[in-house]
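The values are calculated or read from the model by the stated rules, or taken from the named source; none is laboratory data. Keep in mind it's a predicted model, so treat the numbers as computed, not measured. Cβ: placed from backbone, ideal geometry, glycine included. Neighbour counts: every protein chain shown.
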Amino acid sequence: MKPTAPKRLDDNGLDLLFCEARTHGAWLPTPVSEETLRALWDTLKFGPTSANCSPLRIVFVQSRGVKEKLAACMNRGNQAKTLMAPVTAILGMDLEFYEQLPLLFPHDQSARSWFAGRPEHIRETALRNSSLQGGYLIIAARALGLDCGPMSGFDAAQIDAGFFSGSSVIVNFVCSLGYGDPGPLFPRSPRLPFDEACRIE
């Protein structure tokens, strides 16, 4: 069989996901449909996590009253962004993700035991892998035509109490979604060149 060339995105695809994409803080008043949010999850969920543990849990905040509740948890500089955005996703990590491993990692039914009773290992794994999934969310959102505004700068305990009370989920970070207003964007900040950030050994 003749070998095929590796698949890759063209420059337009790379521009959409990375090179020309920007972090937005101002938004056009265009709603984001439930269909789009479901498509977002159904895309990002295929990104890899260790043992397919998939600890990310998301609350998509859309309604005005709930936006105000979330904005009250945000630092002052992030409140107006949260209120303006069509949707703001609260990205949480489930500290009981391992309970789903018999379903998610079916070829090794001992996988739950790798985590049960090991709180430091649980938290480290949940943080690492929910952060990976948060990155997948940003890439998937851009691929679906959305702009993103990821944020730290919030009262984590307040978000946990307001949105995850009584559950095993705690917040990782927050990301607004919608159609960004390019007007307020400032020039793109520099990035480190390869030779300052990387080495090949």
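Quick one: which residue in Gln133, Gln109 is assigned to a loop (DSSP other than H, G, I, E, B), modelled with pLDDT of 95 or more and not aromatic (Phe, Trp, Tyr)?
Step by step, each of Gln133, Gln109 is checked, and only Gln109 is assigned to a loop (DSSP other than H, G, I, E, B), modelled with pLDDT of 95 or more and not aromatic (Phe, Trp, Tyr).
Every residue, every condition in (1) assigned to a helix (DSSP H, G or I); (2) out of contact with any His (no Cβ under 8 Å at 6 or more places or on another chain); (3) touching a residue at least 12 places away in the same chain (Cβ under 8 Å), yes or no:
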position: Ala126; (1), (2), (3): yes, yes, yes
position: Asn129; (1), (2), (3): yes, yes, yes
position: Phe186; (1), (2), (3): no, yes, no
position: Pro190; (1), (2), (3): no, yes, no
position: Asp195; (1), (2), (3): yes, yes, no
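Which residues, taken from the range 102-143, are touching a strand residue (DSSP E or B) at 6+ places or on another chain (Cβ under 8 Å), crowded, with 17+ Cβ neighbours inside 10 Å and of a type in the set (A, V, I, L, M, F, W, C)?
Selection gives Ala126, Leu137, Ile138, Ala141.
Answer yes if at least one residue in the range 19-29 is hydrophobic (A, V, I, L, M, F, W, C), out of contact with any Pro (no Cβ under 8 Å at 6 or more places or on another chain), in contact (Cβ under 8 Å) with a residue 40 or more places away in the chain and under 26 Å from Gly92 (Cβ atoms), and no otherwise.
yes
Identify, from the list Leu70, Leu40, the residue that is crowded, with 16+ Cβ neighbours inside 10 Å and under 19 Å from Ala157 (Cβ atoms).
Unique residue meeting the criteria: Leu70.
Quick check on the range 91-98. Is at least one of its residues among the aliphatic types (A, V, I, L, M), touching a Phe, Trp or Tyr at 6+ places or on another chain (Cβ under 6 Å), at pLDDT 95 or above and closer than 21 Å to Arg38 by Cα?
Yes, because at least one residue in the range 91-98 is among the aliphatic types (A, V, I, L, M), touching a Phe, Trp or Tyr at 6+ places or on another chain (Cβ under 6 Å), at pLDDT 95 or above and closer than 21 Å to Arg38 by Cα.
Tally time: how many residues in the range 137-179 are assigned to a helix (DSSP H, G or I), touching a residue at least 40 places away in the same chain (Cβ under 8 Å), under 13 Å from the mean Cα position of the chain (by Cα) and within 16 Å of Val59 (Cα to Cα)?
Qualifying residue count for the region: 2.
May I ask you to list the residues in the range 1-13 that are at pLDDT 95 or above and either under 19 Å from the mean Cα position of the chain (by Cα) or polar (S, T, N, Q) (or both)?
Asn12
Regarding the range 49-60, can at least one residue be identified that is of a type outside the set (S, T, N, Q) and surrounded by fewer than 15 Cβ atoms within 10 Å (Cβ to Cβ)?
No; the residues of the range 49-60 include none that is of a type outside the set (S, T, N, Q) and surrounded by fewer than 15 Cβ atoms within 10 Å (Cβ to Cβ).
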